[in-house]
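For reference, the structure discussed in these notes is given below.
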Amino acid sequence: MIEALNLYSELLSRGMEPTEFTFSSVLRACNLAGELEFWKQVHGQLLKHSLQGDDYIGSALIDLYSNSGCTEDGYRCFRSLYKQDIVTWTSMISGFVQNELFEKALRLFQELLCYGLKPDLFTISSVMNACASLAVARTGEQIQCFATKSGFNRFSVMGNSCIHMYARSGDVDAATLRFQEMESRDVVSWSAVISSHAQHGCAKDALRIFNEMMDAEVVPNEITFLGVLTACSHGGLVDEGLGYYEIMKMEYGLAPTIKHCTCVVDLLGRAGRLGDAEAFIRDSVFRDDPVVWRSLLASCRIHGDIERGQLVADRIMELEPTSSASYVILYNMYLDAGELSLASKTRDLMKERGVKKEPGLSWIELKSGVHSFVAGDKSHPESNAIYEKLADMLSKIEKVASTGDASRESNDISSREQNLEGCHSEKLAVAFGMIHLPQSAPIRVLKNLRVCRDCHSTMKLISGSENREIILRDAIRFHHFRGGACSCGDYW
């Protein structure tokens with residue numbers, strides 16, 4: 001790729017004029033080589049020759065803009081093209097997905113259909129990934145029907161996208177069924193279904209499928225082992241997880257990534273082996289990465305190891321002084337331990353350093369669309385009904401607690417959370433789901449942050465008092481609440 005860019009420079013030095021085909025090739029070379037600075041120079045030449053509207057060049061430009069995170073520039077380029085074929089539409093949709101602008105990707109796909117264009121396999125795959133990330137199963141199923149009518153369902157990439165979409169939407173059974181229906185399964189298919197079971201806390205099922213994969217003589221890759229390690233971590237299978245980590249390295253020659261190492265730290269930390277987790281980090285090539293240390297800090301909070309937690313937090317703040325997640329974990333660790341003055345100091349330190357906590361956001365998909373909520377949200381048109389329903393559900397929990405029939409979880413719900421002012425977003429989303437979904441339908445809620453202990457306890461109690469299944473996906477994993485219990489077994 002570098003040689004191609006050198007040839008382009010030589011072409012210009014000789015006074016030769018590049019054509020649209022030259023520019024298209026050079027832009028793709030810039031993209032593959034990651035030469036964004038060189039690309040800016042080429043872009044100047046494009047403007048000089050008034051070729052930025054050419055469809056071949058436009059597609060390459062969109063890819064470059066997307067890879068550099070400049071999606072708005074890419075979108076302007078897309079709109080300026082003389083001709084927009086399926087390749088340029090797909091490039092723009094993929095660019096939105098790549099930069100996590102999933103709703104824009106879905107809107108653009110709908111626009112594509114309105115223009116009468118026929119999406120190809122790559123378009124469908126990108127849009128399905130957007131559905132998976134937003135966990136909008138209804139939309140994903142509509143796109144899957146379109147793919148089936150278009151004959152795309154026979155391709156493994158389509159099946160893999162469906163598995164991912166169903167798993168991310170909280171329907172592990174549908175993901176498994178889609179996997180079983182596939183005529184051809186590649187390593188991506190196996191890895192996807194293993195990961196889906198791992199994220200839902202079905203550790204034994206994930207390992208069983210991994211063994212079936214071995215029997216089918218499909219060679220696992222890094223993603224496969226990430227799913228296996230996640231399953232062991234969420235299932236408390238410490239020895240098994242450490243064994244698979246060694247197999248990955250020694251038998252398959254796969255170099256552990258930061259994600260694999262973070263899984264091992266989480267595996268040890270959840271089990272209370274904090275010293276072993278810390279030693280693992282210090283012996284790792286990722287010892288200077290704040291991600292692994294933050295995993296250990298979360299475990300220190302779970303097990304109430306304040307002394308170690310303080311030292312770990314200090315290390316994280318040396319490496320990443322402006323990350324809000326670390327401050328929040330530290331603050332909650334102090335709060336759990338009753339160290340209110342230290343918690344207050346942590347909050348003051350955040351203000352002093354200009355660190356802002358990421359706001360919690362929860363959403364739920366109904367036939368009417370996707371409905372989003374933030375903490376204390378009163379902007380929804382049905383806000384009054386939502387708060388009335390939530391108050392009614394909390395009142396039932398309190399009545400059960402007063403009769404002495406409730407578990408100790410009732411005592412874990414703080415008075416702060418019982419106050420409806422400022423209540424967390426997942427409670428509002430669940431209340432909204434209770435209003436609109438039939439009794440037999442599970443309530444599927446997605447949240448961008450990790451669920452707090454109070455909300456986890458509340459969801460367990462609501463699932464029992466309302467006799468409803470609640471599926472909550474947070475930033476870490478899925479929680480399936482049924483009959484007053486959670487699938488995680490409180491091991492989270």
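A few comments on the model shown:
- Subset of the stretch 70-99 that is at pLDDT below 85 and surrounded by fewer than 16 Cβ atoms within 10 Å (Cβ to Cβ) - its residue that is farthest from Ser133 (Cα to Cα): Tyr82
- Residue within the stretch 359-382 that is surrounded by 12 or more Cβ atoms within 10 Å (Cβ to Cβ), farther than 19 Å from Leu446 by Cα and of a type outside the set (Phe, Trp, Tyr) present: yes
- Helices (runs of 4 or more DSSP H) contained in the stretch 126-187 and holding at least 3 residues within 21 Å of Val87 (Cα to Cα): 137-149, 156-168
- Residue check for Lys249: modelled with pLDDT of 95 or more, more than 25 Å from the chain's Cα centre (by Cα), among the basic types (Lys, Arg) and outside any loop (DSSP other than H, G, I, E, B): yes
- Number of positions in the stretch 393-436 that are modelled with pLDDT under 95 and farther than 18 Å from Leu361 by Cα: 26
- Qualifying residue in the stretch 204-224 (condition: within 19 Å of the chain's Cα centre (by Cα), touching a residue at least 60 places away in the same chain (Cβ under 8 Å) and part of a helix (DSSP H, G or I)): no
- Restricted to the stretch 429-450, and to residues there that are touching a Gly at 6+ places or on another chain (Cβ under 9 Å) and part of a loop (DSSP other than H, G, I, E, B), the residue that is surrounded by the most Cβ atoms within 10 Å (Cβ to Cβ) is Leu449.
- Residue, surrounded by the fewest Cβ atoms within 10 Å (Cβ to Cβ), within the stretch 476-492, restricted to residues that are hydrophobic (A, V, I, L, M, F, W, C) and out of contact with any strand residue (DSSP E or B) (no Cβ under 7 Å at 6 or more places or on another chain): Ala485
- Residue match in the stretch 285-307 (condition: free of Cβ contacts under 8 Å to residues at least 24 places away in the same chain, buried (at least 19 other Cβ atoms within 10 Å of the Cβ) and over 21 Å from Leu449 (Cβ atoms)): no
- Asp120 surrounded by fewer than 17 Cβ atoms within 10 Å (Cβ to Cβ) and within 28 Å of Val187 (Cα to Cα): yes
- Checked against the criterion of being of a type in the set (Gly, Ala, Ser), over 24 Å from the mean Cα position of the chain (by Cα) and either part of a loop (DSSP other than H, G, I, E, B) or modelled with pLDDT of 90 or more (or both), the candidates Gly53, Gly58 yield just one match: Gly53.
- Reported count of residues in the stretch 205-229, each being in contact with a Pro (Cβ under 9 Å, 6 or more places away or on another chain) and surrounded by fewer than 21 Cβ atoms within 10 Å (Cβ to Cβ), is 2.
- Qualifying positions in the stretch 201-250 - polar (S, T, N, Q) and in contact with a helix residue (DSSP H, G or I) (Cβ under 8 Å, 6 or more places away or on another chain): Asn221, Thr224, Thr230, Ser233
- Condition check for Val370: among the hydrophobic types (A, V, I, L, M, F, W, C), within 28 Å of the chain's Cα centre (by Cα) and under 30 Å from Gly433 (Cα atoms): yes
- Search result, residues across the stretch 451-477 that are under 23 Å from Asp336 (Cβ atoms) and not in a loop (DSSP other than H, G, I, E, B): Arg453, Asp454, Cys455, His456, Ser457, Thr458, Met459, Lys460, Leu461, Ile462, Leu472
The values are calculated or read from the model by the stated rules, or taken from the named source; none is laboratory data. Bear in mind the structure is a predicted one, so any value in this text is a computation, not a measurement. With ideal geometry, Cβ positions are generated from the backbone for all residues, glycine too; neighbour counts draw on all protein chains shown.
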